[in-house]
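S.K.: Can you keep this structure in mind? I'll have questions shortly.
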Amino acid sequence: MIMAVKVKLYPNEKQKALLEKHFGSCRFVYNYFLAKRDEYYITHKNAKKSSLSYFDTQSMLTELKKQNPWLYEINAQSLQMSLRFLDNAFKNFFHKNTEHPKFRKKGRNEYFAIPQHIKIKGNRIRFPKFSEGIYFKGSEKKLSEIKSINQIIITKDSGYYYCSIIYETPEKFPEKKPLSEKNSVGIDLGIEKFATLSNGIAIDNPKFIEKIEKRIKKLQKQLSRKQKGSNNRRKQILKLQKKYMMLRNMREDFLDKVSTAIAKQFDTIILEDLNVQGMIQNHHVAKSIADVSFYNFKQKLKWKAEKYGKNVIEIGRFEPSSKLCSVCGNEKELKLSDRIYRCNVCGLVMDRDYNAARNIKKMGLIKVGLVQSEFTPVEIATSGLHGIYPYRQMSVVKAGSSEASV
């Protein structure tokens, strides 16, 4: 099992200077060969070999180091890892329809990787060019038990230094729990409430951005008055970065706790495949959607489910989970402002998000065959057209059922 742990580093002044050299040199190598690969493609796009590979740039790096002797001060493997990151970015661009690799800018996303010769002794981590070790706090006992470290990644965020340690353990993911209707839950994600579960539990949206938005605006206003290139401007940027880091930490902590609680409690978790990028196009709710971070939550939940041997089922993004009545299957149009679902067939009155969560659970269980649909494929395709299949929609009412559980 591949695991990772992140610790905060406390380098001395000499180590800070060398870390900054590593950040700058790895950024220089990345940008230099990004330009070289683009230039080569433009001049050779009709040739048999139209692009440079990782091994091509690796051999060119030797010549670049001769032209720039200061690169010899940097761990050679860290420079090679920059080429590996660049090669992966181009592979994703060509094969996974992502954006073209961009030039790295100083002060943004500062990092470098070390793949080998890493040792942890006590509360110090040692790697090439840092033989005396950099002091860190926390997880000393846990890290001392690590036998096989795959690589470490050193990052800088808001003036602080961090080390992400990626290591391998002999443990394996537990076997998945059997799919069951009894211990399953449907989750409807939203803005008004962060998550509503099909068992009736609702998790409030903490709205972190609202808590520190005024302070961020004030810092941004002060930053706009600072002269570009001045020390005061750099100090102000650092203050703003720390405030944004606080926002990220608050959000990450909340998402970790919620995803862990859900993954531990339920054996089968059913979610809706949301088009987050499309939702953000609506400028009225874009900031709120970005603040709740649906994608990040789903990724965490999937990882925790793997860790605890639980199942995750996703239903299609076009399933009418909010529009369907969870009792009789009637479909009706809803506005975003309609927070209560009122069925005009069976008379159900229910919170909109709770109704959607029950539908998500039902649809997910039908998808994996744990529950048989009460409707034929033709009826499902024409659901909501009251008058064509009134007998199906009214049968629940005649039976005297006002609310049905899956």
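S.K.: Kindly provide the set of residues from the stretch 218-269 that are outside any helix (DSSP H, G or I) and more than 30 Å from LYS182 (Cα to Cα), ordered by number. Talk me through it step by step, then tell me what you get.
M.R.: Quick first cut of the stretch 218-269, residues outside any helix (DSSP H, G or I) only: 225-230, 266-269.
Of everything in the stretch 218-269, those that are outside any helix (DSSP H, G or I) and more than 30 Å from LYS182 (Cα to Cα) turn out to be ARG225, LYS226, GLN227, LYS228, GLY229, SER230.
S.K.: Also, quick follow-up: For the stretch 285-294, does any single residue satisfy the condition of being closer than 21 Å to MET363 by Cβ and modelled with pLDDT of 80 or more? Give the derivation first.
M.R.: Taking the stretch 285-294 first, the residues closer than 21 Å to MET363 by Cβ are 294.
Applying the additional criterion that residues be modelled with pLDDT of 80 or more yields 294.
Within the stretch 285-294 (the criterion being closer than 21 Å to MET363 by Cβ and modelled with pLDDT of 80 or more), the answer is yes, since at least one residue qualifies.
S.K.: Being closer than 23 Å to ASN183 by Cα, in contact with a Ser or Thr (Cβ under 9 Å, 6 or more places away or on another chain), not in a loop (DSSP other than H, G, I, E, B) and not hydrophobic (A, V, I, L, M, F, W, C) is the filter here; which residues of the stretch 309-345 pass it?
M.R.: ASN311
S.K.: Still on this structure: Tell me which residues, restricted to the stretch 237-255, are surrounded by fewer than 14 Cβ atoms within 10 Å (Cβ to Cβ) and under 14 Å from TYR295 (Cα atoms).
M.R.: Passing the criteria: only GLU252.
S.K.: Name every residue in the stretch 56-84 that is closer than 15 Å to HIS22 by Cα and hydrophobic (A, V, I, L, M, F, W, C), in order of residue number. Walk me through it before giving the result.
M.R.: Going through the stretch 56-84, the residues closer than 15 Å to HIS22 by Cα turn out to be 65, 68-83.
Within the stretch 56-84, TRP70, LEU71, ILE74, ALA76, LEU79, MET81, LEU83 qualify.
S.K.: Additional query: For the condition open to solvent by 50 Å² or more (accessible area, probe 1.4 Å) and under 27 Å from PHE23 (Cα atoms), what is the one hit in GLU171, GLU132? Talk me through it step by step, then tell me what you get.
M.R.: Working: GLU171 fails: under 27 Å from PHE23 (Cα atoms).
None of the other options fit; the residue is GLU132.
Residue-wise test of (1) modelled with pLDDT under 95; (2) among the hydroxyl-bearing types (Ser, Thr, Tyr); (3) in contact with a helix residue (DSSP H, G or I) (Cβ under 6 Å, 6 or more places away or on another chain).
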| site | (1), (2), (3) |
| --- | --- |
| MET3 | yes, no, no |
| LEU19 | no, no, no |
| GLY24 | no, no, no |
| PHE28 | no, no, no |
| TYR32 | no, yes, no |
| ILE42 | yes, no, no |
| LEU52 | yes, no, yes |
| THR62 | yes, yes, no |
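S.K.: So which of ALA89, ALA113 ends up being touching a helix residue (DSSP H, G or I) at 6+ places or on another chain (Cβ under 7 Å) and free of Cβ contacts under 8 Å to residues at least 60 places away in the same chain?
M.R.: Just one listed residue meets the conditions, ALA113.
S.K.: May I ask you to verify whether HIS117 is on the phi > 0 side of the Ramachandran plot and not in a strand (DSSP E or B)?
M.R.: yes
S.K.: Okay, next question. Taking the conditions exactly as written (out of contact with any Gly (no Cβ under 7 Å at 6 or more places or on another chain), open to solvent by 30 Å² or more (accessible area, probe 1.4 Å) and free of Cβ contacts under 8 Å to residues at least 40 places away in the same chain), does ALA261 satisfy them or not? If you could, list the steps in order and put the result at the bottom.
M.R.: Details: out of contact with any Gly (no Cβ under 7 Å at 6 or more places or on another chain): yes; open to solvent by 30 Å² or more (accessible area, probe 1.4 Å): yes; free of Cβ contacts under 8 Å to residues at least 40 places away in the same chain: yes.
So ALA261 fits the description; yes.
The values are calculated or read from the model by the stated rules, or taken from the named source; none is laboratory data. Please read all numbers here as calculations on a predicted model, not as lab measurements. Note that we place each Cβ from the backbone using ideal geometry, even for glycine, and neighbour counts take in every protein chain shown. Only protein heavy atoms, including side chains, enter the accessible area calculation; ligands, DNA and RNA are left aside. Shrake-Rupley method; radii C 1.70, N 1.55, O 1.52, S 1.80 Å.
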